[in-house]
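Next up is a structure, given as structure tokens.
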Amino acid sequence: MPQSLVSLNAPLLRLQPVSVTRKMAAALPELRAAASKNGLKIHHLGAGYPHPEVTDPRAYLAHQTRYLEHLAQTQGQVDPAALTEILRESFSYTDTLGPVSTRKLFTEVYGRDWNVTMDPEDLIPTVGASGGINLMCSLFERPGTPVAYITDAPTYAGFLARSMLCQHAAIYSVEMDDQGPIMERFQAQIRQARADGYAVPFYYTVPDGHNPAGFSFSPARREAILEVARDEGVLIVEDAPYVYISYAEPQHRPQPFFAMDPAQTVHLFTASKIGFPGPRVGFAYSKAKVAINDGERTLTELLLTEASADTLFQNPYALRGFEAMLVDESFEPLPSLWPVAEGKLVVYRENRQILLDGFERNLGPHRDRFHWTESDAGFFSVLTFRESAIAVDDAFIARLVTEHGVVAIPMYDFYPPDAKRRDPRIGLDQIRVSFCFSESQGEARRHDLRQAVDALCAAVLSLSA
Ligand SMILES: Cc1ncc(COP(=O)(O)O)c(C=O)c1O
């Protein structure tokens, strides 16, 4: 029987381009095979995944079990009926807001860390930070009228993928210097978008450990961004997976936007990096108010309606597991999440230093040819070729893998379409280098990462000679 084609009368549907990270993931098995045929070891500097050495879930699961038993105690004994009830609730349908206990505990601990009094009622559970991005976009796309998002050039691939799904949404991007977005461009892009007939609800950014730009915004630039956002009536969507993956001394940690002005900000927290990505725990938090046609509403009211039509039911077991992360061995609320972060930072701090030392050792004598960012947070550094003849395109990356065994991500595709129209060569002189992931642990991890950085440096020196 010939296969029949399902015919959809959907002339407006179109296939979205595949992101560079997905393209790399798909191409990798073949490139790896070619590299190993050439007798090369594969060096991981591409993936932005949490390191296996700090993501063993066994202690997390054991602590969660003890916590649930603690909740089911009466008179010092685990009450089997109460435990069954707690577990049943954890595996049942739950409200779109999820368990109130999780929101209360999180706002208490997180608020303490950032010196913000947070109201659990303003906290909407999301499916990771990705779910927060999705909710924000769908909320403002819902009316069906032209909408423009301001974002950085380059910006997070997941935001590009989501925002470009909507055919009446446009991106107006803003080039950056080493402090953050260039302020004149920031304001000009908001005004240009409006002049072009778009509503401009928000600016999306990753101010701490920017993915992919590999640096954190300076405090002065954050102030300047806030001032323009207030003047122009534009929200700041602050995607914050790396606030705790911070290498700055405590007194030098920059304030996130939501601590500077929660009424202007939508803060997207995720447990993916400080905890685990699999359970997909995240929250959107905001004190913003929005004028809509029947009056003023809090943004979180609108987000909740959006979430109740989208996510509908949260995963209560995942949220309870996250809640357990917020209490100590005696089941008291943690004073801070920083000690939890420290458990991860022991590896990331060391890896970052190995990367930067390797760049200095190998490329330091060639600073006229190369520049690299020194991230104060996050997983990435961006290596830039100062010579204009280099094109870090897919063919370049394929040679990097097959001839040198090095996996890293080209930057060009992290630039939104409007930035590419302004400068067709944008990002073609850059590679995103990640230092978060390797297959090995302990001393073998250090050794492998040193080898990886040396191999990358040798490769870029030879490919740009
Ligand atoms: C900037 C940024 N936003 C969002 C995500 C995805 O986060 P989540 O796992 O919470 O969806 C990542 C993950 O790498 C990221 O770097």
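What pairs come out if I take residues in segment 261-277 that are assigned by TED's automatic domain parsing to the domain that holds residue 230 and under 15 Å from residue 321 (Cα atoms) and pair them with residues that are more than 16 Å from the ligand (Cβ to nearest atom) and of a type in the set (Gly, Ala, Ser) whose C-beta lies under 8 Å away, six or more apart or interchain?
If the second residue must be more than 16 Å from the ligand (Cβ to nearest atom) and of a type in the set (Gly, Ala, Ser), no pairs are left.
Residues are listed down the side, and each one gets a yes or a no for (1) within 14 Å of the ligand (Cβ to nearest atom); (2) surrounded by fewer than 23 Cβ atoms within 10 Å (Cβ to Cβ); (3) more than 21 Å from the chain's Cα centre (by Cα):
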site	(1), (2), (3)
222	no, no, no
240	yes, no, no
243	yes, no, no
262	no, yes, no
273	yes, no, no
282	yes, no, no
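Go over the candidates 385, 322, 359 one by one and state the one that is closer than 18 Å to residue 450 by Cβ and in contact (Cβ under 8 Å) with a residue 12 or more places away in the chain. Break it down into steps so the answer makes sense when it comes.
Working: 385 fails: closer than 18 Å to residue 450 by Cβ; 322 fails: closer than 18 Å to residue 450 by Cβ.
Answer to the selection: 359.
Just checking, which of 139, 135 is in contact (Cβ under 8 Å) with a residue 40 or more places away in the chain and away from the ligand (no atom under 15 Å from the Cβ)? Steps first, please.
On the way: 135 fails: away from the ligand (no atom under 15 Å from the Cβ).
Result of the check over 139, 135: 139.
Looking only at segment 63-118, how many residues end up being assigned to a loop (DSSP other than H, G, I, E, B), surrounded by fewer than 16 Cβ atoms within 10 Å (Cβ to Cβ) and β-branched (Val, Ile, Thr)? Even if it seems obvious, please write down each step before you answer.
As a first pass, look at segment 63-118 and keep what is assigned to a loop (DSSP other than H, G, I, E, B): 72, 75-76, 79, 91-99, 115-118.
When the remaining residues are screened for being surrounded by fewer than 16 Cβ atoms within 10 Å (Cβ to Cβ), the result is 75-76, 79, 91-93, 95, 115, 117.
Among the residues that remain, those that are also β-branched (Val, Ile, Thr) are: 117.
So the answer is 1.
Considering only residues that are touching a helix residue (DSSP H, G or I) at 6+ places or on another chain (Cβ under 8 Å), among the hydrophobic types (A, V, I, L, M, F, W, C) and within 21 Å of residue 24 (Cβ to Cβ), which ones fall in segment 134-161? Please lay out each step first, then the result.
Filtering segment 134-161 for residues touching a helix residue (DSSP H, G or I) at 6+ places or on another chain (Cβ under 8 Å) gives 134-139, 142, 147-151, 153-160.
Filter again for among the hydrophobic types (A, V, I, L, M, F, W, C), leaving 135-137, 139, 147-148, 150, 153, 157, 159-160.
The answer is 153, 157, 159, 160.
For segment 406-463, how many residues meet the condition of being more than 21 Å from residue 47 (Cβ to Cβ) and among the basic types (Lys, Arg)?
Of the residues in that region, 4 qualify.
Take segment 123-177 and flag every residue that is under 30 Å from residue 100 (Cα atoms) and either touching a Gly at 6+ places or on another chain (Cβ under 9 Å) or part of a strand (DSSP E or B) (or both).
The initial filter retains those residues of segment 123-177 that are under 30 Å from residue 100 (Cα atoms), namely 123-142, 158-159, 162.
The answer is 123, 124, 125, 126, 127, 128, 129, 130, 131, 132, 133.
Right, another one. Does segment 290-301 contain at least one residue that is surrounded by fewer than 20 Cβ atoms within 10 Å (Cβ to Cβ), assigned to a helix (DSSP H, G or I) and more than 21 Å from the chain's Cα centre (by Cα)? Outline the logic, then answer.
First pass over segment 290-301, keeping only residues surrounded by fewer than 20 Cβ atoms within 10 Å (Cβ to Cβ): 290-298, 301.
Filter once more, keeping what is assigned to a helix (DSSP H, G or I): 301.
Going one step further and asking which of them are more than 21 Å from the chain's Cα centre (by Cα), we end up with 301.
Looking through segment 290-301, at least one residue is surrounded by fewer than 20 Cβ atoms within 10 Å (Cβ to Cβ), assigned to a helix (DSSP H, G or I) and more than 21 Å from the chain's Cα centre (by Cα).
The values are calculated or read from the model by the stated rules, or taken from the named source; none is laboratory data. All of these numbers come straight from a predicted model, not from anything done at the bench. Positions of Cβ are generated from backbone atoms using ideal geometry, with glycine treated the same way; all protein chains shown enter the neighbour counts.
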